[in-house]
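Scroll down for the structure; my scribbles are underneath it.
The values are calculated or read from the model by the stated rules, or taken from the named source; none is laboratory data. The structure displayed is predicted, hence computed values, not measured ones. Cβ: placed from backbone, ideal geometry, glycine included. Neighbour counts: every protein chain shown.
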Amino acid sequence: MNLKQGNVLLAAIGSLTLVLLYLVFWVVPPAQGLGNYVRIAFFHIPLAWVSVLAFFMSAGWGAGYLRRRELRFDALSAASAKLGLIFVVLATVSGAIFSKLTWGAYWNWDPRQTTIFVLLLIYGAYLTLRAAMPEPNRRARVSAVYALFSFLTVPFLVFVIPRLFFSLHPSPVINGSGSLAMEPVMFMTLMVGLLDATLVYVWLVQKRISRENREAAA
């Protein structure tokens, strides 16, 4: 990513962020049963989405390393896993704030809170594993396999298991019947939030790629 592309992407992120803030605080109406607390969801859901995207890309780049044995894929896989962990921590914090405001406690081991805690442990262990292996190629190989198997748990922890048990967590945007459980203005705002968070992730990854290219050229 050259400087011009980076500036364009940053400008897009800045514009979308301003639009998102305007929509969340001045356009979105209070939700039935949640009131103004629903506004937290327009930050919480995009953070959770990007964490899943980052873990998916980490697994993809891990597979790229196993196929081509190039350490740049390992670097990208590790960077994406770290970003995923950061985003999932932010999603957990925002979810805990929502929990405190609506249920009276930051943490109550709700099924979604429990599964996200397991996800934190899995990817925390990934980073610990990498730190314990100084030899680059062995670290890359083991990390790639770990990233692939770790991502297999993500759909179950995020989408499947929480739906199997009673939860205080609000219903998903797409409910069990496959219909949209959100007013159009809220859905539009959520889409802006998802796009904004995704572009932030892309920008951070592109910065990592640019750094890798500079190091390779040095």
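Structure notes:
- Restricting region 194-218 to residues that are surrounded by 14 or more Cβ atoms within 10 Å (Cβ to Cβ) and small (Gly, Ala, Ser), the residue that is modelled with the highest pLDDT: 197
- Scope region 152-181; condition touching a helix residue (DSSP H, G or I) at 6+ places or on another chain (Cβ under 7 Å), at pLDDT 60 or above and either exposed (fewer than 15 other Cβ atoms within 10 Å of the Cβ) or more than 30 Å from residue 63 (Cβ to Cβ) (or both); matching residues: 165, 167, 168, 169
- Number of residues in region 1-29 that are touching a residue at least 60 places away in the same chain (Cβ under 8 Å) and small (Gly, Ala, Ser) equals 2.
- Contact map, region 30-50: first residue touching a residue at least 12 places away in the same chain (Cβ under 8 Å), second residue among the charged types (D, E, K, R), Cβ cut-off under 7 Å, separation 6 or more or different chains; pairs are 46/196.
- Residue selected from region 80-133 under the condition out of contact with any Leu (no Cβ under 6 Å at 6 or more places or on another chain) and of a type in the set (D, E, K, R), by the criterion farthest from residue 56 (Cα to Cα): 100
- Exclusive hit being assigned to a helix (DSSP H, G or I), touching an Asp or Glu at 6+ places or on another chain (Cβ under 7 Å) and closer than 21 Å to residue 124 by Cβ, set 79, 91, 96, 75: 75
- Residues in region 10-55 that are assigned to a helix (DSSP H, G or I), surrounded by fewer than 18 Cβ atoms within 10 Å (Cβ to Cβ) and among the small types (Gly, Ala, Ser): 11, 12, 14, 15.
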